[in-house]
Amino acid sequence: MKNNEELNLHWLIAFTMSDIDIFLLKEEDQQTDKEQLYTNEEIRQQLTKTLSKILNVMKDCGYDIKTPLKANWFNMSPAAMKFHLESRMTNLPETPE
């Protein structure tokens with residue numbers, strides 16, 4: 001993220017996807033794909049590292065990472081509402097303090 005760029009959800013999601021791609025799927029040169037498969041534990045470890053990076057970026061930008069994001073509930077699609085409700089039932093990792 002550039003210093004004069006504002007943090008937004010698009011950037012956070014793009015950062016997440018690229019971090020996973022770089023650290024799980026790409027070789028050191030970041031041009032070619034790896035041929036190896038990962039264990040569930042290795043994938044979970046990388047997801048945890050990526051989550052930590054994102055939360056730290058948000059905190060560094062002055063966001064209170066414990067404050068809920070505001071949603072427009074009236075315009076939420078049924079599929080988005082279902083995902084929202086189901087995701088609240090899963091055990092997400094604790095956020096770093």
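The values are calculated or read from the model by the stated rules, or taken from the named source; none is laboratory data. Here the structure is a predicted model, which means the values were calculated and not measured. When we count neighbours, we look across all protein chains shown, and the Cβ atoms used for this are built from the backbone with ideal geometry, even at glycine. Just the protein is used for accessible areas: all its heavy atoms, side chains included, with ligands, DNA and RNA removed. Shrake-Rupley method; radii C 1.70, N 1.55, O 1.52, S 1.80 Å.
Tabulated data for the structure shown
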{"quantity": "Neighbours by Cβ (under 9 Å, 6+ apart or cross-chain): first from the stretch 38-50, on the phi < 0 side of the Ramachandran plot; second open to solvent by less than 90 Å² (accessible area, probe 1.4 Å) and among the charged types (D, E, K, R)", "calculated": "GLN46/ASP19; LYS49/ASP19; THR50/ASP19"}
{"quantity": "Every residue from the stretch 3-56 that is basic (Lys, Arg) and assigned to a helix (DSSP H, G or I)", "calculated": "ARG44, LYS49, LYS53"}
{"quantity": "Members of the stretch 57-86 found to be assigned to a helix (DSSP H, G or I), within 20 Å of ALA14 (Cβ to Cβ) and either open to solvent by 60 Å² or more (accessible area, probe 1.4 Å) or of a type in the set (Ser, Thr, Tyr) (or both), listed by number", "calculated": "LYS59, ASP60, PHE83"}
{"quantity": "The stretch 68-97: number of residues that are under 25 Å from GLN45 (Cα atoms), modelled with pLDDT under 70 and not acidic (Asp, Glu)", "calculated": "7"}
{"quantity": "Matching option when the condition is open to solvent by 100 Å² or more (accessible area, probe 1.4 Å) and either at pLDDT 85 or above or of a type in the set (A, V, I, L, M, F, W, C) (or both), among LEU37, LEU24", "calculated": "LEU37"}
{"quantity": "Cβ-Cβ under 9 Å pairs, at least 6 apart or on other chains, the stretch 16-30 side closer than 14 Å to ILE43 by Cβ, far side in a helix (DSSP H, G or I) and among the β-branched types (Val, Ile, Thr)", "calculated": "THR16/THR50; THR16/ILE54; ASP19/THR50; ASP19/ILE54; ILE20/ILE43; ILE20/THR50; PHE23/THR50; LEU24/ILE43"}
